[in-house]
Amino acid sequence: MAALRPRIATVWLDGCSGCHMSLLDGDERLMELAEKIDLVYGPLVDTPDFPEEVEITLVEGGVSTDDDIRKLRLLRKRSNILVSFGDCAVTANVPGMRNEFRLGEVLQRAYLENVSWRPSIPVAGVPVLKPHVRPLHEYVEVDAFLPGCPPPAMAIWYMLSELIEGRLPELGNRTRFGA
Amino acid sequence: MERNGRDSSLSEEKFAIMAKDPRWRMVNRTIRQGGNQADALIETLHAVQDSFGFLDRESMEYVANALGVPFSLVYSVATFYHYFTLKPAGEHTCVVCLGTACYIGGSQAILEHIEEQTGIKPGETTGDGRFSLLIARCFGSCGLAPAAAFDGQVTGRLNPQSVVKRIWEWTGHDA
Amino acid sequence: MTSGTVLPRKRRVRPVGSHRILTFKINNRDVSSREDESILAVARQNNIYIPTLCHLDGLSEHGACRLCIVEIKNAPKLVPACITFPQEGMEVSTCSERVIDYRKKLLEMLFTERNHVCAVCVSNGHCELQDLAIQLNITHVRYEYLYPRLALDGSHPRFIMDHNRCVLCLRCVRVCDEIEGAHTWDVMNRGLDTRVITDLNIPWGSSETCTSCGKCVQVCPTGALSEKGKSVAEMVKRRQFLPYLQKMRRWEEE
Amino acid sequence: MMLEEFNQIGISERERQQAYRYHLRVCGAAGCLSCGSGELKEALEKEVDRQSMTGQVEVKSVGCLGLCTAGPLVQVEPGGVLYQQLHVSDATAVVASLASGPAAGLCCPTDQHFFSRQTKIVLENCGRIDPERIEEYIACQGYTALYRALRELTPREIIDEITASGLRGRGGAGYPTGLKWTTVSKAISENKFVICNGDEGDPGAFMDRSVLESDPHRVLEGMIIAGYATGAHTGFIYVRAEYPLAVKRLRKALSQAERLGILGKNIFNSGFGFDIQVRLGAGAFVCGEETALIASIEGRTGRPRSRPPYPAESGLKGYPTLINNVETLANIAPIIRHGGDWFSSIGTEKSKGTKVFALAGRVRNTGLIEVPMGTSLRDIVFEIGGGIPGNGTFKAVQTGGPSGGCVPAQYLDMPVDYESLAGVGSIMGSGGMIVMDQSSCMVDVARFFMEFCRTESCGKCLPCRVGTAQIHNILSRIASGFGRSADLAAVEELCDLVKNTSLCGLGQTAPNPVLSTLRYFREEYLSHIEGKRCLAGSCLVSSAREVL
C-alpha cells in the first residue's frame, strides 16, 4: 500500500551536505527506511519542484539568501512537519561564522584577496547574500530540532522512525551541538 | 587585597622618573592622602584625569605601582567607569545630555544633527583634534531640558541648530 | 525591635571554628548541613544534581551564571545555590518546572552572547557549556544570536585566548588571583562589552606578570582558553590540581 | 565648643543679616547658574554700589529656588517678590524696585499653586541660605538637632524617634530607616561606617544634587546623628563626579564644620567623634546599589555581590555599614528637632513626611518640588506643575527612572506613596518625575530605558548582561517597524526571566518600564507591529513591506 507511506523531502540550504551524508550513513537501515517512506524531493531525488503535500521535510543548512527564505517559506507551507536538520539549520553554525564580519569584507576576502585567477565578486545569476546567516526558526516555525555537525546516523534514524510513527521525538539526549 | 609594589625593573625605572615629574604632584598628593592604599584607586584616577585630561598606559602603570594594585585591576576600574577616558579629548568638547527629560525634550535629534554636521559619533574627536562629541546620562539639569555642556558649561533649552552653531564657532564651518 | 530587647548577661560563645548544624529539605528529602555550607555543597553531598558553570571547586564563588538557581518555598525570587546558605526548616527545590524553565532560558541566552561554533572548537566534546546543553536537553536556542565581532589573542607562546568562546565565568581571573597570586587577568568594560584582559589590556604574550602557569587554561570551562597546537575537539582540560592547591594555600595561611 | 559659643554664631549671623534692609537672594544652583545667574549676581552687586545702596542691600547666592524653568531667579526679602528669567540688563530695574516696589514686567507670581501647594522640610533652607556659609545654616537652627542628639539623647532614644517618625528610605525601595539604624546599632563590631548615597544616577532626577548644592550642612548633620545613633565614627559621602558644584560645596561645608569642631573629635564636648570623607563616583548607575557602592568606595569596580549578608551586617571593609540616601539623611535633623510624632503626622498611613520630586518633561513648571506623601499625581502635574504646555494632552508620568514605570492618566487621582505606586507597576524611586504628553511614544520610552539598563549593566550576571540586550534589540526592531507578531510575547518572557534571575536590583527592576508600558499602552506596541505606525508620530517606523 504505497499510498499510505509518508512523503518525505530533504532540502539543502547553506550547509556542507554533511547532514545528508550522515543520513546515508544509515547503511543497511536505509533499505528498511526505503520501504517505509516515499522520498519525494531533495538532493537525492530528481524532482525539479517542491511537491504540494509533504509529510516530513528535513532542512539542512542555514538561511543566508533571499532565495533561501523563499524556499523555506514555500516548503513550510507545504510540509506537515519541518525538521531543522543539523547545526547549520539549528544554529547557523559554520556558515554563520561570517556573521561577525560585514558582508563586504567577507566577499572581498573570499573572492578578491584569496583568488589569484581573475578575482571578481560574482553578481549575475547568484542569489544575493543576507548580512547574516540565521537559523531556520528565526524565519519559520520549526517542529523538531536535530542538532549535530553532522547529527549521528543513529539519531537521524531514531528521529525518522519516531516521526513516521506519528510521535514528536525527544532528541536532546541523542545528539548535541557540534556532535 | 593589599599588595606591595611590583618588582618589574622596567616599571620601577619609569616609576622613579615619573615620581619626579611636576605634573604628578597633584596625583601624588591624592595617593598620599589615601595612605597609599588600594581603596584610593578611583580617587587617584580622578586626580590623573584632572591633571592630564585622560588616562594613558603610562599613568595607569604608575598608579598601579604606587598603590600596589595589579595592572589588570587598574585597567578594569578605568574602563568600568564611564567618567574615565583613555583617549585625549579634542580642544573643545560638547557633552549632550541623554537623560530622560532631555530625551523627551528632543536631545536625540540634537545628537543626530551634530553627528550629521561634524561627521563624528559620540566618543569621537574630529580629525583636526578641535572637537570631541560626548554623551552623558544626566546632568541633573532636567529643568532646562534639553541640555548640553560646552567645554563644561551646561546650557539648557537647546535646539539642533543652536548647538551646531556653537560648535561651528569652535571648528569653523566650511560650507 | 527598638525596645524591650535585653542583651543576655552572658553571650553564648561557641568554640572557635564550630558551626551550627541544621536540617532542611532538598526536593522533599531531609538533609543536614553546617550553616556555612552552601545549598550547592549540601546538594552535591547528597548526590542531588544542580548544574553549575561559574562555580568550580577550589575557587571562590562568583554567583554570576545563575544556572544553579533553585526555588525556596515561600521566597519570591529564585536564588543561586552556590552562594545561598541553608536555614533551618528551609524547603529547597532544585528541579521544579519553574527552575528548569529558567535554567534552559539562561543557558540559551549564554549561547547567543558569543560565537560558540561547537563544530570547529578545540573543546568540542570536552566543553562544560556543551555538556550543560545536553544535560538541560537543549536542542536549539530561542533567542536571537548577537554575533559580536571578537578577537583572538594568540600572542602567548603556549596558549590561545579566544573571546568567541568566553562565557565570563571569570574562573581564569579567580584562579590567577587566588591560587597563582599573579592577578594577571581581570575584566574590562561592563555589560555586554565585558572582556577578560591581561594586565593593561595588552597582548597576553607581552604580559610581564603572567607566569605562564596555565592554570587559567585548565580551569576554563570552554574553548576560550586553550593550549596551542590543539585542533578541533582535542583540548581536554585537567584541573585535578585545584582542590589540592587550594588546601595547601589555606594551610600556608593558617 | 560649648553651647553659648555655638548659639553666639547664630545670633551674630542673624544680627549681620538684620543690618541690611533688603536681601537679594540669587539662585546659585546648577540650573540657574547655567542660565547666567553668576553674571547676574555680579551685575546686581555692581548696581547696588552704583545706586549707593551698599550696606543696605545684601546680594547673596542661595540654593535652589525651585522653579528651574523660570531661571535665573532672584527673590527679594522682605516681601518675597520673585523675579524670573532675569538678564544682566535687568539688574538696574531690580535694584531700583527695592525702594519703588516690584518691577512688574519681571515678576514671577508667587501666589501660584507651584509655591502654595508645597510643604518644605528637606528643602526648608533651599533658596534661603547661602550654602557656602555654615553661619547661615546655624542661624536657621542648623546643628541644633545634632547638639540635642549628642548632649541630651541616647543613641537608643534617637533611633526610637526615627522609628516613631515612620521615615522610609528615600532612595527608592522605602525600607524603614529606623529599622535600618537599629540593625546597624545592634551589630557588635569595633568599627562601623555611615555612607551617604549621593550617586543619583536616574536619568531625570536631580533632587540629591539640589539638596547637596543648596543645603549641604543638613546632610552632614544627618550623617553625624546617624553615626552617633549607630556607633559609627567614620562617614563617607559618595557623590557623582558629574556634580562638580555639589562636590565643591560639600567639601567647603566639611572644612567649615571641621573648623568649628562640629566634625572631628569630641563634638560639642560630648566625647563623640565623627569624620566624613567625600568619595567621587565615576559614572556608573549600578553604584547606587548598596554592595556596588561599597565596592566603589573601596576603589574597585562597582559590581554588586549577592545579599545576604547585608551591609548592615557586613559592609564597607567587612564592617557593619549604614547606607542612607541624601534625602533620607536630610530629614533627620528636622525629625530630631520637632520629634518623630510631628513627622508622622504628615503624609499617609504607611508613607510619612514629604517627598522631593524633580518635575521635568512636558510640564509647564519644571523644577524641584516637595510635597507631603499622599499628594495626588493630578495635584503635582496640574496644580504644581501647571499642566501640559501648548495644546498637549497628558499621557503618563514616569517615576522611578529605569527601575520604575509609566503611570497613565487613569491613575492621576492616585495618592503618591510607596504602596500606591508599586500597586500600579511603578516605584517611588528617588524622585524623578517625567511628564509625557501625546508626543511621546511609549515604545520609544521603553526602548530608551532598556538602552540605559543595557549600557549600565555591570556585566557580572548573565540575565542582566545579555537579557537587557536581547530585550533592547526586540524593542528597537518594534520601534523601527520591523516587529513581528510574536515579539510581544517574547519581550514579556524575557522580562520575566531578567526580573526573576538577576543578581541585583538593577537587573531585577530593569524590565519595569517595559512591563508598565506594555500594561497600559499595549495598543501603541501593536500599532507599531501590525499597523507599522507610531501613534505618537515620533518613531521612524519603516513602511517595511516584507518584514523579516
- Message: If I filter segment C:193-244 down to residues being away from every other protein chain (no Cβ under 12 Å) and of a type in the set (A, V, I, L, M), which single residue comes out as nearest to C:A151 (Cα to Cα)?
- Response: C:A224
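Filtering segment D:34-46 down to residues that are in a helix (DSSP H, G or I) and open to solvent by 20 Å² or more (accessible area, probe 1.4 Å), which residue is farthest from D:P216 (Cα to Cα)?
Initial filter on segment D:34-46 (in a helix (DSSP H, G or I)): D:37-46.
If we keep only those that are open to solvent by 20 Å² or more (accessible area, probe 1.4 Å) as well, we get D:38-39, D:41-42, D:45-46.
Numbers: D:G38: 20, D:E39: 23, D:K41: 21, D:E42: 24, D:E45: 25, D:K46: 28 Å.
Top of the filtered list is D:K46.
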- Query: Within segment A:153-174, how many residues turn out to be open to solvent by 20 Å² or more (accessible area, probe 1.4 Å), away from chain C (no Cβ under 12 Å) and out of contact with any Asp or Glu (no Cβ under 8 Å at 6 or more places or on another chain)?
  - Reply: 9
- Item | Residues that are in a loop (DSSP other than H, G, I, E, B) and either within 11 Å of chain B (Cβ to nearest Cβ) or of a type in the set (A, V, I, L, M) (or both), drawn from segment D:348-388 | D:R362, D:V363, D:N365, D:T366, D:M373, D:I388
- Query: Using beta carbons and a limit of 8 Å, which pairs, at least six apart or on different chains, have the first residue in segment C:141-163 and farther than 9 Å from C:R114 by Cβ and within 12 Å of chain A (Cβ to nearest Cβ) and the second one of a type in the set (S, T, N, Q) and open to solvent by 30 Å² or more (accessible area, probe 1.4 Å)?
  - Reply: C:E144/D:N473
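How do the helices (runs of 4 or more DSSP H) wholly within segment B:23-86 filter down when requiring 3 or more residues that are open to solvent by less than 20 Å² (accessible area, probe 1.4 Å): which remain? Full working, then the answer.
On the way: elements: B:25-33, B:41-52, B:57-67, B:71-80.
Once the helices (runs of 4 or more DSSP H) in segment B:23-86 are filtered for at least 3 residues that are open to solvent by less than 20 Å² (accessible area, probe 1.4 Å), what remains is B:41-52, B:57-67, B:71-80.
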- Query: Does B:G156 satisfy the condition of being open to solvent by 10 Å² or more (accessible area, probe 1.4 Å) and away from every other protein chain (no Cβ under 14 Å)?
  - Reply: no
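This table checks each residue for (1) in contact with a Ser or Thr (Cβ under 8 Å, 6 or more places away or on another chain); (2) surrounded by fewer than 19 Cβ atoms within 10 Å (Cβ to Cβ).
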| site | (1), (2) |
| --- | --- |
| D:K120 | yes, yes |
| D:R128 | no, no |
| D:P131 | yes, no |
| D:A139 | no, no |
| D:A145 | no, no |
| D:E152 | no, yes |
| D:E157 | no, yes |
| D:L167 | yes, no |
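Conditions tested, residue by residue: (1) modelled with pLDDT under 90; (2) part of a helix (DSSP H, G or I); (3) in contact with a strand residue (DSSP E or B) (Cβ under 9 Å, 6 or more places away or on another chain).
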{"position": "D:F6", "(1), (2), (3)": "no, yes, no"}
{"position": "D:I11", "(1), (2), (3)": "no, yes, no"}
{"position": "D:R14", "(1), (2), (3)": "no, yes, no"}
{"position": "D:C32", "(1), (2), (3)": "yes, yes, yes"}
{"position": "D:M53", "(1), (2), (3)": "yes, no, yes"}
{"position": "D:K60", "(1), (2), (3)": "no, no, yes"}
{"position": "D:V76", "(1), (2), (3)": "no, no, yes"}
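Each row is one residue, and each column tells you yes or no for (1) open to solvent by less than 20 Å² (accessible area, probe 1.4 Å); (2) touching a strand residue (DSSP E or B) at 6+ places or on another chain (Cβ under 8 Å); (3) not in a loop (DSSP other than H, G, I, E, B).
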| position | (1), (2), (3) |
| --- | --- |
| C:H126 | no, no, no |
| C:Q130 | yes, no, yes |
| C:A133 | yes, no, yes |
| C:H140 | no, yes, no |
| C:R149 | no, no, no |
| C:I160 | no, yes, yes |
| C:V167 | yes, no, no |
| C:V173 | yes, yes, yes |
| C:E178 | no, no, yes |
- Message: Against the condition touching a residue at least 12 places away in the same chain (Cβ under 8 Å), open to solvent by less than 50 Å² (accessible area, probe 1.4 Å) and more than 24 Å from C:L150 (Cβ to Cβ), how does A:F177 come out, does it pass?
- Response: no
- Consider C:C54 against the criteria (1) open to solvent by less than 40 Å² (accessible area, probe 1.4 Å); (2) under 24 Å from D:L494 (Cβ atoms); (3) part of a helix (DSSP H, G or I): it satisfies all of them except one. Which criterion is unmet? (3)
- Give me a count of the residues in segment A:2-36 that are assigned to a loop (DSSP other than H, G, I, E, B) and either at negative phi or crowded, with 20+ Cβ neighbours inside 10 Å (or both). 8
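Of everything in segment D:289-303 that's assigned to a helix (DSSP H, G or I) and within 11 Å of another protein chain (Cβ to nearest Cβ), which residue is farthest from the chain's Cα centre (by Cα)? Talk me through it step by step, then tell me what you get.
Let us first name the residues in segment D:289-303 that are assigned to a helix (DSSP H, G or I), namely D:290-297.
Retained after the next criterion (residues that are within 11 Å of another protein chain (Cβ to nearest Cβ)): D:292, D:294-297.
Values: D:A292: 20, D:I294: 20, D:A295: 23, D:S296: 21, D:I297: 21 Å.
It comes out as D:A295.
Looking at D:E157, D:E161, D:E136 in this structure, which one is in a helix (DSSP H, G or I) and either farther than 23 Å from D:S344 by Cβ or among the hydrophobic types (A, V, I, L, M, F, W, C) (or both)? Give the steps one after another, and end with the answer.
Working: D:E157 fails: either farther than 23 Å from D:S344 by Cβ or among the hydrophobic types (A, V, I, L, M, F, W, C) (or both); D:E161 fails: either farther than 23 Å from D:S344 by Cβ or among the hydrophobic types (A, V, I, L, M, F, W, C) (or both).
Among D:E157, D:E161, D:E136, only D:E136 is in a helix (DSSP H, G or I) and either farther than 23 Å from D:S344 by Cβ or among the hydrophobic types (A, V, I, L, M, F, W, C) (or both).
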- Query: Out of segment D:437-482, which residues are outside any helix (DSSP H, G or I) and within 13 Å of chain C (Cβ to nearest Cβ)?
  - Reply: D:S457, D:C458, D:G459, D:K460, D:C461, D:F482
- If you go through segment D:393-436 one residue at a time, how many are in contact with a Phe, Trp or Tyr (Cβ under 6 Å, 6 or more places away or on another chain) and either crowded, with 24+ Cβ neighbours inside 10 Å or part of a strand (DSSP E or B) (or both)? 5
- Mind telling me which of the residues C:T84, C:T112 ends up being outside the structural domain of C:T198 (by the TED database), open to solvent by 20 Å² or more (accessible area, probe 1.4 Å) and of a type in the set (S, T, Y)? C:T84
- Would you check which residues across segment D:389-428 are more than 13 Å from chain B (Cβ to nearest Cβ), of a type in the set (A, V, I, L, M) and more than 21 Å from D:G174 (Cβ to Cβ) and list them? D:A409, D:L412
- Item | Conditions (1) of a type outside the set (D, E, K, R); (2) more than 10 Å from chain D (Cβ to nearest Cβ); (3) surrounded by 17 or more Cβ atoms within 10 Å (Cβ to Cβ); (4) not in a strand (DSSP E or B): number failed by C:C95 | (3)
- Note on the structure: Sole miss for D:K317 among (1) farther than 30 Å from D:E124 by Cα; (2) touching a Leu at 6+ places or on another chain (Cβ under 6 Å); (3) outside any loop (DSSP other than H, G, I, E, B) is condition (2)
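The values are calculated or read from the model by the stated rules, or taken from the named source; none is laboratory data. Predicted model only: the values in this text are computed from it and were never measured. Reconstructed Cβ throughout: ideal geometry from the backbone, glycine too, with neighbour counts over all protein chains shown. Accessible surface is based on the protein model in full, side chains and every heavy atom, while ligands, DNA and RNA are left aside. Shrake-Rupley method; radii C 1.70, N 1.55, O 1.52, S 1.80 Å.
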